[in-house]
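S.K.: Could you have a look at this structure, given as structure tokens, before my questions?
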Amino acid sequence: MPDSSISNSSETFACSTKGRPFKERIFGLIYLFIGLTIAHFGVALFILSDLGTDTFTVFIQGLAHTVGLSIGTCHVMVLILLTVIMAVFTRGYIKVGSAVCAFCGGWIIDFFMWCLNPVINSTLNIVLRIPVMLAGCVILSIGMSVVIESHAGTGPNDLIAIILTDKLRKAFPSLQFRIVRIICDVLFVAIGFILGGNVGIGTVAAAFLTGPLVQFFLPKIRNVLLKLNRLFLKNKE
């Protein structure tokens with residue numbers, strides 16, 4: 001399989017699970033859950049740094065403020081709506097792992113926040129909170145890369161940039177994922193801010209660093225998972 005950077009590859013992020021051996025699907029879900037855990041550890045660091053939330057959460061905050069629902073309820077409703085729309089109008093993107101991403105992420109974030117809140121919180125000096133926020137951005141990007149390369153499914157909110165990149169590349173072959181991701185993140189922030197979401201330096205960092213970092217880590221994560229597959233899926237040709 002090619003291991004070149006996604007920016008130089010014509011293959012899309014969508015990868016059909018049809019025909020994949022059962023054992024390979026199971027390992028894909030394991031990789032996805034590991035990636036999801038890593039990514040939401042990064043999200044927890046973002047929140048605990050108290051310097052602004054990630055871009056999608058800004059959108060959810062603003063929407064929740066507008067419609068009068070809790071952030072958690074609004075988050076679930078939006079992800080379910082996105083899942084249904086993508087399942088109807090796209091093929092090969094929505095998988096079992098997408099449901100895992102949609103409904104497990106909140107609990108993982110709560111767990112890490114419960115563990116880390118005593119030592120990482122808004123009372124820390126900003127000189128310490130900025131590195132925590134930046135670490136959260138890097139960790140989030142690594143986790144997202146693992147989730148994408150698991151080919152077991154990706155969170156509906158992250159699929160927006162992925163699907164747009166794949167579709168737009170038909171007309172613009174040189175289009176890079178990081179550009180589409182930045183545009184999507186900026187739109188989430190703009191709409192969320194207008195609706196009343198909280199925006200900070202962490203939000204700006206997430207908007208402009210997440211896409212490039214995911215693009216940087218994707219080929220490296222791909223190589224790691226290929227090696228793991230060769231090690232554990234010996235019967236796979």
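The values are calculated or read from the model by the stated rules, or taken from the named source; none is laboratory data. Keep in mind that what you see is a predicted model, and the values were worked out from it rather than measured. Cβ atoms come from the backbone with ideal geometry, glycine included; neighbour counts cover every protein chain shown. The protein model used for the area step is the full one, side chains on, heavy atoms only, and it has no ligands, DNA or RNA in it. Shrake-Rupley method; radii C 1.70, N 1.55, O 1.52, S 1.80 Å.
S.K.: Return the total of residues in the range 69-123 being in contact with a helix residue (DSSP H, G or I) (Cβ under 7 Å, 6 or more places away or on another chain) and among the hydroxyl-bearing types (Ser, Thr, Tyr).
M.R.: 5
S.K.: What about LEU79, is it open to solvent by less than 40 Å² (accessible area, probe 1.4 Å) and either hydrophobic (A, V, I, L, M, F, W, C) or part of a helix (DSSP H, G or I) (or both)?
M.R.: Values: open to solvent by less than 40 Å² (accessible area, probe 1.4 Å): yes; either hydrophobic (A, V, I, L, M, F, W, C) or part of a helix (DSSP H, G or I) (or both): yes.
The answer is yes for LEU79.
S.K.: With the condition kept exactly as written, say whether any residue in the range 8-27 is open to solvent by 20 Å² or more (accessible area, probe 1.4 Å), among the aromatic types (Phe, Trp, Tyr), modelled with pLDDT under 85 and assigned to a helix (DSSP H, G or I).
M.R.: Within the range 8-27, one or more residues are open to solvent by 20 Å² or more (accessible area, probe 1.4 Å), among the aromatic types (Phe, Trp, Tyr), modelled with pLDDT under 85 and assigned to a helix (DSSP H, G or I).
S.K.: If you don't mind, another one. Quick one: which of GLY202, GLY153 is touching a residue at least 60 places away in the same chain (Cβ under 8 Å), over 30 Å from VAL96 (Cβ atoms), touching a Leu at 6+ places or on another chain (Cβ under 9 Å) and not aromatic (Phe, Trp, Tyr)? Walk me through it before giving the result.
M.R.: Working: GLY153 fails: over 30 Å from VAL96 (Cβ atoms).
Residue meeting the stated conditions: GLY202.
S.K.: Hey, can you tell me all the residues within the range 38-72 that are outside any helix (DSSP H, G or I) and either open to solvent by 40 Å² or more (accessible area, probe 1.4 Å) or at positive phi (or both)? Let's see the steps before the verdict.
M.R.: Filtering the range 38-72 for residues outside any helix (DSSP H, G or I) gives 50-54, 68-70.
Hits for the range 38-72 are ASP50, GLY52, GLY68, LEU69, SER70.
S.K.: If I filter the range 162-178 down to residues being under 25 Å from ILE60 (Cβ atoms) and either basic (Lys, Arg) or in contact with a Phe, Trp or Tyr (Cβ under 7 Å, 6 or more places away or on another chain) (or both), which single residue comes out as modelled with the lowest pLDDT?
M.R.: So, considering only residues that are under 25 Å from ILE60 (Cβ atoms) and either basic (Lys, Arg) or in contact with a Phe, Trp or Tyr (Cβ under 7 Å, 6 or more places away or on another chain) (or both), the one modelled with the lowest pLDDT is ARG178.
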